[in-house]
Every structure is written in C-alpha cells, then in structure tokens.
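Step one of this worksheet: look at the structure below.
The values are calculated or read from the model by the stated rules, or taken from the named source; none is laboratory data. Everything numeric here is computed off the predicted structure, so don't read it as measured data. In this analysis, Cβ positions are derived from the backbone assuming ideal geometry, glycine residues included, and neighbour counts consider all displayed protein chains. SASA here: full protein model, heavy atoms, side chains in, ligands and nucleic acids out. Shrake-Rupley method; radii C 1.70, N 1.55, O 1.52, S 1.80 Å.
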Amino acid sequence: MAQQDSEDDRARHSAAERTGEGLREKLRELAKRTLLGAKSRRLFLQVGLPWGAALLVGLVSVFYANWSREASDAFLVWIAGRSWLAFIITPTVTVLGLFLTRRWFTGSEGSGIPQVIAALHARRAEEEDTLMRRLFGLRVVAGKIGISLLGLLGGLTIGREGPTVHIGAAIMAELRRFYPHQHPQLERRLLLAGAAAGLSAAFNTPLAGIIFAIEELARDFESRTNGTMITAVVFSGLTSLALAGNYLYFGQINVPANLGGAFVLPVMLSAALSGLLGAAFNLTLLRWRTWMPGWLSALRARRPLLYALAIGLVVAGLGVGTHGETWGSGYDQARDLLTGSAPISEGYAITKWGAMVATYMVGIPGGLFSPSLSIGAGLAQWVHAAFTWAPMAAVIALCMTGYLAAVTQSPITSFVIVLEMTNGSGLVIPMMATALVASRISAFFTPPLYEALAKNNYFQVGTLPVGSFLQKKPVPPPGA
C-alpha cells in the first residue's frame, strides 16, 4: 500500500511538472506574441503610417495640380470671345468663395503657410490643441482644395503651391490620432514633414521642400535631423514622379557658360527691383488699414460679401483690360516668357501685382508662389531693357528668385526652388546673390510676410474666427 501511494505521488508530481512546463511554455509563447505584436505596432507607427501618409500627400498634390490646371483652362474657355462674361463669373465666384470660407471653412483662408507657422510656434499645450483643431483636419483640406479651385474657375490670381503645403501638413497632422502618446514634438515633426512633402510634390523640388521647412517654417536648423520630414519628402516626391513624370516646373533654361563680370549689373538691378516691389506687396497686405479708404474698410467689416463683389469686379476689370494676362496663377505667362514662345506686355509685372493684391484682399484660400514667380518674370523685361546684352532666360531666373525671396524673406528656399525648377546650375552664384540682396532690401521695410500674418491672425487664439458666417467676429487681415 505504501509503495502504491509512493507511485501515485510520483505520478501526480510528474503530471504537475508537465502541467507547469506546459503553462510556462504557453506563457513564453504569449510573451513572444506580445513582443512581436508590440514590435509590429511600433514599426507600423514609426514607418508604415508616415510612409503611407507621405504617399497620400504626393497623390493629393498631383491630383490637385491637375484639377488646378483644368479649372484655369475651363475659365479661359468660358470667356473666349466674350470677355464681358468675366464681369459676371469673377465677382460671383469671389462672393461665393468668401461666403463658403467664412461659413464652413474658417482656417483654410490664404496660402496656409501662416497657419502652419502658428501651430509650430504655439507656446502652451491648450493653445496648440486649439490651433490644431481649428486650422487643420479634413474640413480644412476640403475647403482649401475646393474653394481655391473655385477661385481659379473665376480667374482669380492664386497659386496652388502654398495651399499644397497646408494640405500636406494637415494630412500628416492627422496621424497624431493613431499614436498612443501625443506630445508637442511629435506634432511638430508631423507638421514639418507634411509641409515639406507638400512643397516638394507641388514643384517637383525635393531639396527645396526640406530647405523650406527649415528656413521658413521652423526658422532654425534643428529640423535637419528630422528623419520623418526627409522620408516624407522622398515618398511624396516618388509619388509625384510616378504620376506626373520627371519634369522641370518651368522647363530647362540655357545660358552661356561664362556670363562675364559685367553680369553683376543685371544681378544688382534685378535684386533692387525685386526687393522693392516685394516689400511693397508685403506692406500693402500688412498695413492695409493705413492706405485703405475708410469707407472701404467699413464695407469690408460690415458688408463682406459686398466687399468681395467689389474686389471681383476689380480683378475682372484688370483681366479684361490686359486681354487676359492677369487671369489665373500666372504660370503660363512666366513659362511663355522664359521659353520665348509668347510675349507679354511690358506692364505685366504691375498689372499682375495689382491682381494679386486684389485677390489676397478677399481672404479666400489661395497661394502666392506661382503669382510671385510670374511677377518676377515680368520684372525681368525691365532689367533686360536696361541690359539688352544679358541673356533673357538668365535675367528671368534672377528676377523670379529675387521677387520670391523679397516676399517670403526666405532667400535660400527661393534660390533652391528656382534652381530646381529650371535646372539652372549655371546661375548658382548670380541667383544666390539676387535672393540674398532682394531679401535684405525687403527686410529693411517689412517683416517676413508669412510670419507677420501668422502673428497677426493666429498666434492669439482668441482672435481665431469662430462660429458661423452670420455671427459677429473679427475679420482677419487681408492675405491671411
């Protein structure tokens, strides 16, 4: 009996050991699966999400570019042979665009770059949260795309590149909802990555996208270590490359290998003209209360739709008076002048400047990159008239660089954008010099435009537009 009991004990002990070993094996398997799941989730958050969002930014940018072109072409088809229609279409579109912006899509107004700057420089967590909710998200993306396309359908002078920056930042910013631990550094990285990816895809200029995020948005160089930003630029650029091809935004420019020492004269005149006219544009938008007549200011504050109607009539009048030169973003005019395929009037720089100012006084979504490059191309005609021996294509590249640098006061970004858009490696030093001098001239008269607009409109959360169109609320300054 004792022996039987001993054998039963051993059997029970052996069974317990087997059970314990099986339990330990199950626990080890569970721990392994948990570890693998955690690694997979971490990999998804660190790689899968940013890469997927960058691809989406590139995809949206390409479609947005195509839609913008189609919208501009549709307007030209509508008014072909009956320019009087512009006095109906353009004011109607302007009024409708302002109504939609203020009624449902507040936060989408202007180029969108000031919104990104404001969110990047938020000082408190609650302020940052408010800015992210009001200035980004799918609602803002829809308004940015829809209303800017509507503006192009009406012939307004707006570009798509600035809005693409805002759209890219908004798409990347949505990723923060998938991360278990949200913090300001994460949101900053996502915003910078989306903005850089948007500019890269808009112009097909990957290096300019990175420089833009560092120089204009962050205003420092700590962002150079942001791997998320570089990855986003690469993947959005690859998407644009796959769908739109490896193209130069304005085409190849050809200049002599040795321009000679005398070329410093066109460089200095280009920088001076660009700097002064760029500063005038910034001052017009930022100091509008100084020059705008009292009755027009009152109309803008109390009857915004009537104000938009008046602006629409002005833009229509400029377009009809210039035989269509001021319609749209100005991309076609700049490219035609650069390639020599079609002439434009000597006063184009001024009339386009006026159309651009008038459009931005409304406050609907739209960018200023393409119009600025177009104005710069128009300025080149004045410089070339003074120095007829200088290659026209080279002078156009200088003035495009200079005017964009004067408006944005981001000389490195402006230089790299035009360099990549035209493959103008033979003009590296002249374009760099033009950008730096024009930017300094502009800075003597006015602060950086995007930063000033961000400070005026969005740094103070209490001044953000809230509520419906019918409610009384502060009217953001023109060009927001």
(request) Determine, yes or no, whether I417 is farther than 16 Å from L285 by Cβ, under 16 Å from the mean Cα position of the chain (by Cα) and either among the aliphatic types (A, V, I, L, M) or at pLDDT 95 or above (or both). (result) yes
(message) Residues to consider are A385, A390, A342; find the one that is in a loop (DSSP other than H, G, I, E, B) and either surrounded by fewer than 22 Cβ atoms within 10 Å (Cβ to Cβ) or among the polar types (S, T, N, Q) (or both).
(response) A342
(request) Quickly run through the stretch 61-109 and pick out the residues that are at positive phi and either of a type in the set (V, I, T) or in contact with a helix residue (DSSP H, G or I) (Cβ under 7 Å, 6 or more places away or on another chain) (or both). (result) G107
(request) Among the numbered conditions (1) surrounded by 24 or more Cβ atoms within 10 Å (Cβ to Cβ); (2) in contact with a Ser or Thr (Cβ under 9 Å, 6 or more places away or on another chain), tell me where V116 comes up short. (result) (2)
(message) Cβ contacts < 8 Å: first residue under 11 Å from L153 (Cα atoms) and in contact (Cβ under 8 Å) with a residue 24 or more places away in the chain, restricted to the stretch 69-86; second residue open to solvent by less than 60 Å² (accessible area, probe 1.4 Å) and among the hydroxyl-bearing types (S, T, Y), any location; separation 6+ or different chain. Result?
(response) S72/S329
(message) Out of the residues in the stretch 119-141 meeting the condition of being more than 15 Å from the chain's Cα centre (by Cα) and at pLDDT 85 or above, tell me which one is most open to solvent (accessible area, probe 1.4 Å).
(response) L138
(request) Only helices (runs of 4 or more DSSP H) wholly contained in the stretch 261-302 count here; list those with 1 or more residues that are among the aromatic types (F, W, Y) and buried (at least 18 other Cβ atoms within 10 Å of the Cβ). (result) 264-286, 288-291
(message) Name the single residue that is surrounded by the fewest Cβ atoms within 10 Å (Cβ to Cβ) among those in the stretch 345-382 being within 23 Å of the chain's Cα centre (by Cα) and of a type in the set (S, T, N, Q).
(response) S370
(message) Would you confirm, using the coordinates I've provided, whether S148 is outside any helix (DSSP H, G or I) and open to solvent by less than 10 Å² (accessible area, probe 1.4 Å)?
(response) no
(request) Looking at (1) of a type in the set (V, I, T); (2) modelled with pLDDT of 90 or more; (3) open to solvent by 10 Å² or more (accessible area, probe 1.4 Å), find the lone condition where T326 falls short. (result) (3)
(request) Report the residue count in the stretch 195-213 for those that are assigned to a helix (DSSP H, G or I) and β-branched (V, I, T). (result) 2
